[in-house]
1. Just give me the residues in region 213-245 being hydroxyl-bearing (Ser, Thr, Tyr) and surrounded by fewer than 16 Cβ atoms within 10 Å (Cβ to Cβ), in sequence order.
2. Of everything in region 186-204, what is farther than 19 Å from Ile7 by Cβ and either in a strand (DSSP E or B) or of a type outside the set (Lys, Arg) (or both)? Give them in sequence order.
3. Could you please let me know if Pro102 is part of a loop (DSSP other than H, G, I, E, B), more than 22 Å from Asp159 (Cβ to Cβ) and more than 15 Å from the ligand (Cβ to nearest atom)?
4. Which residues, taken from region 5-21, are surrounded by fewer than 20 Cβ atoms within 10 Å (Cβ to Cβ) and touching a residue at least 60 places away in the same chain (Cβ under 8 Å)?
5. From the residues in region 45-81 that are of a type in the set (Gly, Ala, Ser) and more than 22 Å from Ala99 (Cα to Cα), which one is surrounded by the most Cβ atoms within 10 Å (Cβ to Cβ)?
6. For region 127-155, which positions are within 30 Å of Ile212 (Cα to Cα) and hydrophobic (A, V, I, L, M, F, W, C)?
7. How many residues, within region 41-53, are among the charged types (D, E, K, R) and without any contact (Cβ under 8 Å) to a residue 12 or more places away in the chain?
8. Restricting the first residue to region 211-234 and requiring it to be among the small types (Gly, Ala, Ser) and modelled with pLDDT of 95 or more, which pairs with a second residue that is in a loop (DSSP other than H, G, I, E, B) and crowded, with 18+ Cβ neighbours inside 10 Å meet a Cβ separation below 6 Å and a spacing of at least six or different chains?
Amino acid sequence: MTTPCIICVAITGSVPTKEDNPAVPISISEQIESTQECFEIGASIAHCHVRNSDGSPSIDPEKYRKLKEGLEKYCPGMIIQLSTGGRSGHGFERGKMLALRPDMASLTVGSNNFPSRVYENPPDLVEWLASEMKKYSVKPEIEVFDLSHIHQAAKLKNDGKLVGNLYVQFVMGVKNAMPADLDVFKYYIKTVKRLLPESLWCGAGIGKNQQILNEWCIEAGGHVRTGLEDNIRITKEKLAPSNASLVNIAKELCSKYERPVASWKETRKLLEIGDKSG
Ligand SMILES: [Zn+2]
């Protein structure tokens, strides 16, 4: 039987603004509304960041608490994944929201360049974030910006610092980091299968690479991430009218390759995440 494809929607991120695309949800209520629309058409993971009212990025645990509560109410069963990557340079503050015990959180296990800065993930911070995730039973999504990050995740797993089947995400197409390169993508999969055989993997492509990564992942049996955090356009000329419009593109690709879309129940089962809401 074909494995159902998990669709994660990254609704906001910390970079795109309403000036870039008015559909980017900024306030908590906009985020909840946008996520609910995606949940109702098949997205089963919400990757979340929070913003200040002026649109600037925030890591305020109180904002995360409000968002999490709203999503639990309006998207019952959906897997809530909070970002710990939001504001590089803020050190240990980046993990304060883990005490909220979300289903999942992102975990970047090494550093790399971003378009105009270094994305700093020093070893002591990574190990602390991993230990907090273990303490609060939060499933990490390993963000892979580089091949070495797969090796680092395997090391953390072998050392007992990460537990369970990992969810490994290949991020491709960030300017100054790994481009969307098909040979590298295939080698990433090969390396995950070799070092972390029980893991699941997915891909996130930035900008125009979003649909490319969606297709590569769906065709190769992996899972996908979409959403306005990574890409604000439907085509080169046209802005995406909503997060849901991007989820629909991923769904169409699932149909093309005859992959059923994973329900939230199937996603919880695949990722070995219990239903925390009871
Ligand atoms: Zn993010």
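1. To start, the set of residues in region 213-245 that are hydroxyl-bearing (Ser, Thr, Tyr) comprises 226, 235, 242, 245.
The one that is hydroxyl-bearing (Ser, Thr, Tyr) and surrounded by fewer than 16 Cβ atoms within 10 Å (Cβ to Cβ): Thr235.
2. The initial filter retains those residues of region 186-204 that are farther than 19 Å from Ile7 by Cβ, namely 186-188, 190-198.
Answer for region 186-204, where residues must be farther than 19 Å from Ile7 by Cβ and either in a strand (DSSP E or B) or of a type outside the set (Lys, Arg) (or both): Tyr187, Tyr188, Thr191, Val192, Leu195, Leu196, Pro197, Glu198.
3. No: the conditions fail for Pro102.
4. Pass one, region 5-21, residues surrounded by fewer than 20 Cβ atoms within 10 Å (Cβ to Cβ): 14-21.
Within region 5-21, Ser14, Val15, Pro16, Asp20, Asn21 qualify.
5. Applying the first criterion (of a type in the set (Gly, Ala, Ser)) to region 45-81 yields 46, 53, 55-56, 58, 70, 77.
Narrowing further to those that are more than 22 Å from Ala99 (Cα to Cα): 53, 55-56.
Details: Ser53: 8, Gly55: 16, Ser56: 11.
Among those that are of a type in the set (Gly, Ala, Ser) and more than 22 Å from Ala99 (Cα to Cα), it is Gly55.
6. If the condition is that a residue be within 30 Å of Ile212 (Cα to Cα) and hydrophobic (A, V, I, L, M, F, W, C), then Val138, Ile142, Val144, Phe145, Leu147, Ile150, Ala153, Ala154 are the ones that fit.
7. Residues in region 41-53 being among the charged types (D, E, K, R) and without any contact (Cβ under 8 Å) to a residue 12 or more places away in the chain: 0 in total.
8. Hits for this filter: Gly227/Ile11.
The values are calculated or read from the model by the stated rules, or taken from the named source; none is laboratory data. These figures come from a predicted structure and were not determined experimentally. Here Cβ is always computed from backbone atoms with ideal geometry, including for glycine, and neighbour counts include all displayed protein chains.
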